[in-house]
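The values are calculated or read from the model by the stated rules, or taken from the named source; none is laboratory data. Just so you know, these numbers come straight off a predicted model, no measurement behind them. Here the Cβ positions follow ideal geometry from the backbone for every residue, glycine too, while neighbour counts run over all protein chains shown. These area figures cover heavy atoms from the full protein model, side chains too; ligands, DNA and RNA do not enter into them. Shrake-Rupley method; radii C 1.70, N 1.55, O 1.52, S 1.80 Å.
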Amino acid sequence: MGREFQTVLAALLKILPDYEDMLVENLVRPFILKDEDYKLLMDIMLGEFNKGLGKETNPTAKVKMYPTYVRDVPDGSENGNFLALDLGGTNFRVLLINLNGQEVTMESKIYLIPQHIMTGTGEQLFDHIAKCIHKFMSNHDLLKEKIPLGFTFSFPCKQIGLNHAILTQWTKGFKCEGVEGEDVVRLLHEAIKRRGDIDVECLAVINDTVGALMSCAHSDRDCAIGLILGTGTNACYIEKLENVGLWDGDYNEPNQVMINTEWGALGDDGCLDFVKTEYDRQVDKHSINPGRQIYEKMISGMYMGEIVRLALEKLRKHGLLFGGKGSEELSTRGRFYTKYVSEIESDVDDHFKNTKQVFEELALEKYSDEDCRIAQYVCSLVSTRAAFLASVGVAALLNKMDRQDVTVAVDGSLYRFHPHFHDLMEEKIQQLVKPGIKFKLMLSHDGSGKGAAIVTAVANRLRDSGKESIGENGLEN
Ligand code: GLC
């Protein structure tokens, strides 16, 4: 080899890492949004909230802003034994909850919902749920008792009463025939009746966001937003009745109601297209509900791992990762779990212990420290974008409510297990809220159980009075 060529080659090898970095950067740059983009997105979100709230504009709005029948936070005097069902999160659970003032005890059991039931018929789904309730009651020696039940049903529903909720459309991988357009409490009661061996009445149905808010408000009266960052994402908040065009209940005190925003559907009319990446488009295309829940698909746990996987695959195919050699696992849709993102980002030093473990699980044979660093970088871009996008929604709500001090109750596996989500959100929300508004992000514990029990406790007190919504001290309205 000529001397000159060797010198050129040496020089090239020196700049190669920089050049590679540049190529990597080019492929993942679309995940990086500017401050102005986030500000614009907040204005878009705010516009969508108002569209959903307006009587005339609601029919064409994508963010539906459903009024719930919960009008106030709990006063802490709720007590008794309650059953709760939690459907729509990572797991399906049946719970037994005892409320006694601030003291809450809880027992719960996770039951599997097999894939064929998630996408089968409604009758199969509710028969399965009734079977699980029976099993749970039998194991807890409750078969002879009559215990009120609260149902945390975490899908978009138009509520027409505290225990009437009409599913508008399935989200998050569920698609059971014959349930959309139906009252899910009626379907549950029918399944219970078909069995004939349990005496259970569902007194309240709530969204998981409402559960989170209620559960946190039990000990913090400033709590006015419930946020879920888990399999899906959504938020609820307390709105003044005068702003709720769809409200058809009374205007007694308290003149407010919790609104289930169903913000996951933001973007279903194309308004997020300017920030979507090719990876987002692919995730949407291969999902069970293409074109729907666009904002949710850019944020939540059901999709984050897949977005990262697609980006890693792209880098790999360009020879920028793993020396271009992947694995069947890495090429398989859904195989890069969202928990990997949290694990990889939890590595704090150059040993990359978790990252290498993930690579092993993906049967990758050859990887360098540089590969670890790149994978970590991709994960952090995708999760940071998710945290900032969620912050846009929270800031829009805070600015809209315009209260001085607000506690945001947050629940969900993504928020709980990701090492930086909380800090990233605090930083971004702070940038976006009007000066003077103070907020706190608080982890809400077991809202889907405790929140359902609290609402059911009040509903139980109300049931004989013929009242339809829960208001001041649970006694009015
Ligand atoms: C989905 C559901 C919504 C729920 C959220 C979080 O967006 O449509 O009702 O609150 O997931 O579980």
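General remarks:
- The chain - percent of accessible surface contributed by carbon and sulfur, probe 1.4 Å: 50
- Mean separation of Cα contacts under 8 Å, 6 or more apart, over the residue count of the stretch 101-246: relative contact order %: 23
- Dividing the mean sequence gap of close Cα pairs (under 8 Å, 6+ apart) by how many residues the chain holds gives a relative contact order of 21 percent.
- Diffusion coefficient of the chain by Stokes-Einstein, Kirkwood radius over Cα pairs, 10 °C, 1.306 mPa s: 67 µm²/s.
- Per-pair calculated FRET efficiency, R0 = 56 Å: LYS175 and ASP405 via Cβ, rounded to 0.05: 0.85
- Protection-proxy order for peptides 410-416, 34-40, 149-155, each taking the mean of Cβ atoms within 10 Å per residue, highest first: 149-155, 410-416, 34-40
- Note on the stretch 231-279: the alpha carbon radius of gyration divided by the globular reference 2.2 N^0.38 Å gives 1.61.
- Highest to lowest packing among 254-261, 72-79, 298-305, 269-276, scored as the average C-beta count within 10 Å: 298-305, 254-261, 72-79, 269-276
- Sum of -39500 (n - 2.57) over DSSP H runs of 4+, divided by residues of the chain (222 nm, nearest 500): -13500 deg cm²/dmol
- Accessible area (Å², per residue) of the stretch 217-283, counting only protein heavy atoms and a probe of 1.4 Å: 34
- Viscosity 1.306 mPa s, temperature 10 °C, Stokes-Einstein D of the stretch 361-439 from Kirkwood C-alpha radius, µm²/s: 110
- Across q = 0.17 Å⁻¹, the stretch 77-230 modelled as identical point scatterers on its alpha-carbon atoms has Debye log10 I(q)/I(0) values of -1.04, in the order of the q list.
- Within straight-line cross-link reach of LYS366, lysines at Cα separation under 30 Å, skipping those fewer than 8 residues along the same chain: LYS14, LYS314, LYS317, LYS325, LYS339, LYS353, LYS356
- Gyration tensor (alpha-carbon) shape descriptor, the stretch 61-130, a/c threshold 1.5: oblate
- Treating r as the C-beta distance of LEU40 and ASP423 and R0 as 25 Å, the FRET efficiency rounds to 0.60.
- Spread over its residues, the convex hull of the C-alpha atoms of the stretch 123-199 is 94 Å³ per residue.
- Fraction of beta bridges assigned by DSSP in the chain that are antiparallel (%, nearest 5): 60
- Straight-line reach from LYS438: taking Cα to Cα under 19 Å and skipping same-chain neighbours fewer than 8 places apart, the lysines in range are LYS39, LYS400, LYS428.
- Surrounding net charge for GLY447, when Lys and Arg each add one and Asp and Glu each subtract one, Cβ distance under 13 Å: -2
- Local electrostatic count, GLY88, Cβ distance below 11 Å [Lys/Arg +1, Asp/Glu -1]: 0
- Accessible area per residue in Å² at 1.4 Å probe, computed on the stretch 308-368: 52
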